């Protein structure tokens, strides 16, 4: 297609078949003033990817200033926000933040070290096909836009969300297929390897995950090839750039100063190692200031980065050449563990989990189902979150002075990872009708806090009496590549994370994996290396789980005395209106007179909660009286509501009357109905039959009432 638009440039479009649908990339239709913009269509989903690149590197910055945002637009799904007061899109939902992170993680490592130009990427969903999630199309849009900016982006990147239904892997699953799938696997990569993995699984094997990685990497190739085709047609002008790297002379000077001061001198357990590095850093800057005088003020940032590089190189050399880690551990050794439960007296469940210097305290709160969080996003209609995991890590946890504020992208991501790890083992609503909030307060950080959050959450849930199907443990693994040879590290700490080539988190039960998150710091890794890393996580995860089970073997049989008591009953969904009443009159009367809270699901599940069992019992009796179905053979106490020549109508349940024929009022002959009963009498009757038209026949005969 080639038409003229206001930009004066031809609209250029390329297409290919991808996983059964047409994928189209189009430029020059919109976004005339961006560094690059691409309109991506797949089915009825349309995503605009835009990229803006700053002109000059930002001086004094020690990281790459890249921001990637995923924009949900309610109109894309034909929706208006369910908020009563705010209809405009505002702060991104947690789901949008998580997808933004999902796109960022495979892209960031593909820029060269030292690149300091500011880059902003926005993926905006303009139209959403409800048959699949749009997140992977947004990833293609972001990558496509970056490919046309002329920056040193070593893409393109593409990703797929993979499920497994009826024993077969499948991409772009619909909602029904996602519910049936035993795994939800996101894989992103480039032509030669994988750059990011995230998965939630239902206790599947390590081999199955590895098979999914290989299948997914093959599936992304058409989307990568199409981006290459678009780049060739556009032929973007290469931007000049300058990498901000330590001066070689400065690095040599720093290496000479640190010679003999690293290695064995720093191989101490944490936090002793951290203290030694802090002292060595102070000594280093003091020595450099004395040597360079006033000139050092302008050079301090470069010297600091060179010093950090020397530390990272020392960590890698120890592992690759000597098989010794910074704190003296073996490659497969887990840091010392300790844990306890029931640490807070008034909470419903609590725990502390400590691994080395990393420590997480978790608190569990139980509430009625009505306290579930309503989810109002572009994708989900009338959704609810019954289980929530929140993660907090203030500045003091890393020894820093830092302003408190709302959770950032990292905190939201870590909380979601721990939440996802436990989802497969939570009891159903019917078995455990509670809303569950799990909060991890990180107390100290030195690597793998998200896995501390997972372990502490499992312990606190068991302490709260939540009947988990199986306990879950988690471990953070690391990887360093020496040429083609991988060195896999169990339970990585900060120093190994910063110096390594990949960190990945694996959670699971004794039966299999529940969650995986992998982030590469090199450009990509082959599937076989990832398979080895996943397999080597098994012993460490088991070691941690064994420790946890020594602290608490199984969920407590009784809830905390401070947790609300909840009872459930199942009713005919057609009877829900009888409980609610006109304008909510009936249910409001029940709650006000009994003090109980009542929650009703469309399925007919009714939960009744209160601080004491007496209030629950009163409410349940009341509810049953409103919805109970007549039962043949059962004796009822009813009220005579109408007298007829041939018998009497008796109200045995709210809204339900039965007929007691004159012949069934006594053992002998009855001349007149009024000889036996009068309107308003309260009498005992047995329900004898219910005919095909739903009419009830009652008996007052003494023999039938025995």
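The values are calculated or read from the model by the stated rules, or taken from the named source; none is laboratory data. Here the structure is a predicted model, which is why all the values come from computation and not from measurement. Note: ideal-geometry Cβ built from the backbone for every residue, glycine included; neighbour counts use all protein chains shown.
Structure notes:
- Some residue of the stretch 492-508 being farther than 29 Å from residue 308 by Cβ and either modelled with pLDDT of 95 or more or not in a loop (DSSP other than H, G, I, E, B) (or both): yes
- Of all residues making up the stretch 293-315, the number that are surrounded by fewer than 18 Cβ atoms within 10 Å (Cβ to Cβ), touching a helix residue (DSSP H, G or I) at 6+ places or on another chain (Cβ under 6 Å) and within 18 Å of residue 478 (Cβ to Cβ): 1
- Extreme residue, farthest from residue 219 (Cα to Cα), among residues of the stretch 23-33 that are more than 30 Å from the chain's Cα centre (by Cα) and at pLDDT 95 or above: 27
- Picking from residues in the stretch 11-52 that are under 30 Å from residue 301 (Cβ atoms) and touching a helix residue (DSSP H, G or I) at 6+ places or on another chain (Cβ under 9 Å), the one that is surrounded by the most Cβ atoms within 10 Å (Cβ to Cβ) is 51.
- Yes/no for residue 159 being touching a residue at least 60 places away in the same chain (Cβ under 8 Å) and touching a helix residue (DSSP H, G or I) at 6+ places or on another chain (Cβ under 6 Å): yes
- Selected residue (only one of 700, 659 is touching a helix residue (DSSP H, G or I) at 6+ places or on another chain (Cβ under 7 Å) and surrounded by 15 or more Cβ atoms within 10 Å (Cβ to Cβ)): 700
- When the criteria are applied in full, residue 328 meets the requirement of being within 37 Å of the chain's Cα centre (by Cα), surrounded by 14 or more Cβ atoms within 10 Å (Cβ to Cβ) and either in contact (Cβ under 8 Å) with a residue 60 or more places away in the chain or not in a loop (DSSP other than H, G, I, E, B) (or both).
- Subset of the stretch 224-266 [touching a residue at least 60 places away in the same chain (Cβ under 8 Å) and more than 30 Å from residue 305 (Cβ to Cβ)]: 224, 225, 226, 227, 228, 229, 230, 231, 233, 234, 236, 237
- Any hit, the stretch 531-544, residues being part of a loop (DSSP other than H, G, I, E, B), touching a residue at least 12 places away in the same chain (Cβ under 8 Å) and over 19 Å from residue 334 (Cα atoms): no
- Checking every residue in the stretch 138-150 against the condition of being farther than 23 Å from residue 220 by Cβ and touching a residue at least 60 places away in the same chain (Cβ under 8 Å) gives at least one match.
- Residues located in the stretch 240-272, provided they are closer than 26 Å to residue 329 by Cα and under 39 Å from the mean Cα position of the chain (by Cα): 266, 267, 268, 269, 270, 271, 272
- Hits in the stretch 237-274 - residues which are touching a helix residue (DSSP H, G or I) at 6+ places or on another chain (Cβ under 9 Å), crowded, with 16+ Cβ neighbours inside 10 Å and in a loop (DSSP other than H, G, I, E, B): 244, 245, 246, 262, 267, 268, 270
- When residue 122 is tested against the conditions (1) in contact with a helix residue (DSSP H, G or I) (Cβ under 7 Å, 6 or more places away or on another chain); (2) under 30 Å from residue 175 (Cα atoms); (3) surrounded by 16 or more Cβ atoms within 10 Å (Cβ to Cβ); (4) in contact (Cβ under 8 Å) with a residue 40 or more places away in the chain, the lone failure is (1).
- Being assigned to a strand (DSSP E or B) and not assigned by TED's automatic domain parsing to the domain that holds residue 580 is a description that does not apply to residue 667.
- Where residue 347 falls short, out of the listed (1) touching a helix residue (DSSP H, G or I) at 6+ places or on another chain (Cβ under 9 Å); (2) within 30 Å of residue 596 (Cα to Cα); (3) not in a loop (DSSP other than H, G, I, E, B): (3)
- All positions within the stretch 566-592 that are over 18 Å from residue 428 (Cα atoms) and in contact (Cβ under 8 Å) with a residue 24 or more places away in the chain: 572, 573, 575, 576, 578, 579, 586, 590, 591
- Qualifying positions in the stretch 104-148 - under 23 Å from the mean Cα position of the chain (by Cα), assigned to a strand (DSSP E or B) and more than 24 Å from residue 44 (Cα to Cα): none
- Residue satisfying condition, being under 30 Å from residue 312 (Cβ atoms), buried (at least 21 other Cβ atoms within 10 Å of the Cβ) and not assigned by TED's automatic domain parsing to the domain that holds residue 280, within set 159, 200: 159
- Candidate set: the stretch 366-384, residues that are in a strand (DSSP E or B) and out of contact with any helix residue (DSSP H, G or I) (no Cβ under 9 Å at 6 or more places or on another chain); chosen: the one nearest to residue 77 (Cα to Cα): 383
- Figure legend. Inter-residue proximity from the stretch 369-383: first residues modelled with pLDDT under 80, second residues assigned to a strand (DSSP E or B), beta-carbon distance below 6 Å, spacing 6+ or different chains. Indicated pairs: 383/375.
- Looking across 699, 663, 603, 592, one residue alone is closer than 23 Å to residue 579 by Cβ and modelled with pLDDT of 90 or more. It is 592.
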